[in-house]
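All of the numbers you see were taken from the coordinates with simple rules; none came from a lab. Bear in mind the structure is a predicted one, so any value in this text is a computation, not a measurement. So basically every Cβ, Gly included, is an ideal-geometry build from the backbone, and we count neighbours across all protein chains shown.
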Amino acid sequence: MRQIHDTNLVFIHIPKTAGMAVVSAFGLEHSPTDHMMSRPQDKAFLGSQYVRFLVFRDPFARFVSAYKYSLSMLENHHGNSAREDILNHGLDKDVNAFLAHYADKPARLLKNLHFVPQWFYYVNGKPSIVLKQESLATDIEIIANLAPQHFVGLSVQNKSPDQVDANLTLTDSSKERVKDLYRTDFMLWGGSARQS
């Protein structure tokens, strides 16, 4: 989790959901610890004095984006199970083959940082505001209005490469598999930006 400067706003950064764009919109730089939720300060951020928010993304788009990102980061594969599997099993040509590789070992995939279900961050971070990546350009105004002195504007950050030498189109059967793996994410993603 990431506190927005010295405000009571705390950003829960789900990987591959425009998190770098959100932190830079408030003049901050992304930190590898932004995805963490188990540090002592993260536990403190769960206090009622904080307004926690996160960005949810269409689970299909997030899955494909995580795969593309993994392809672009293969040189940094040590300790990353998805990247190691891509290299060791020739899974760099088709998102469907990549997904099929985990048919009998879904936990291995879902433990990888970029493929962890979004509901994990929702349940553990307890956000009071949920934005959607697909409408982030307007949704971010909800947060900007809570800390206008720190808001510098939203811009695209850390976009996965557009051109990769792989099939990125999920087949119907792969879409069903993604729905099974991320069933709760699909339920939570439904609806528009909201405050609770």
Could you tell me which of S155, G19, N124 has its Cα farthest along the dipole of the stretch 2-195 towards the positive end, charges placed at Cβ (Lys, Arg +1; Asp, Glu -1), taken about the Cα centre?
-> N124
When the Karplus curve 6.51 cos²θ - 1.76 cosθ + 1.60 is applied with θ = phi - 60°, which whole-Hz ³J(HN,Hα) does each residue of the stretch 18-25 get, with x for Gly and Pro?
-> 6, x, 5, 5, 5, 5, 5, 5
Given the peptides 1-8, 37-44, 99-106, arrange them by the average over their residues of other C-beta atoms within 10 Å, most packed first.
-> 1-8, 99-106, 37-44
C-alpha center-to-center spacing [the stretch 59-131, the stretch 164-191] in angstrom | 12 Å
Arrange the peptides 66-78, 14-26 so that the one whose residues have, on average, the most other Cβ atoms within 10 Å appears first.
-> 14-26, 66-78
Helix-only [θ] at 222 nm, the chain, -39500 (n - 2.57) per DSSP H run of 4+, per residue, nearest 500, equals -11000 deg cm²/dmol
Does the chain come out rounded, prolate or oblate, given a ≥ b ≥ c as the square roots of the eigenvalues of its C-alpha gyration tensor, rounded meaning a/c under 1.5 and, failing that, prolate meaning a/b above b/c?
-> prolate
Answer in debye to the nearest 20: the dipole magnitude of the stretch 2-195 about its Cα centre, from +1 Lys/Arg and -1 Asp/Glu charges placed on Cβ, is 520 debye
Full extension from L74 to A44: what is 0.36 nm times the residue separation minus their Cα-Cα distance, to one decimal in nm?
-> 7.3 nm
Please list the non-local residues whose amide H lies under 5 Å from the amide H of R57, H modeled 1.01 Å from N, same-chain partners needing a gap of 5 or more.
-> Q133
Tell me which residues come under 5 Å, amide H to amide H, from R52 once H is placed; ignore anything under 5 positions away on its chain.
-> V10, S128, I129
Set Lys and Arg Cβ to +1 and Asp and Glu Cβ to -1, take the dipole of the chain about its Cα centre, and tell me which of V178, A44, L136 lies farthest positive.
-> A44
Contour minus Cα-Cα span, M187 to A107, at 0.36 nm per residue, comes to 26.8 nm
The stretch 5-115 - Kirkwood radius from inverse mean 1/r over Cα pairs (Å) = 15.7 Å
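If I stretch the segment between N8 and E176 completely, what's the gain in nm (0.36 nm per residue apart, minus their alpha carbon distance), one decimal?
This chain segment gains 56.5 nm when fully extended.
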Could you pull out the pairs from K43/K93; K68/K105; K43/K175 whose alpha carbons sit more than 32 Å apart here?
-> K43/K93; K43/K175
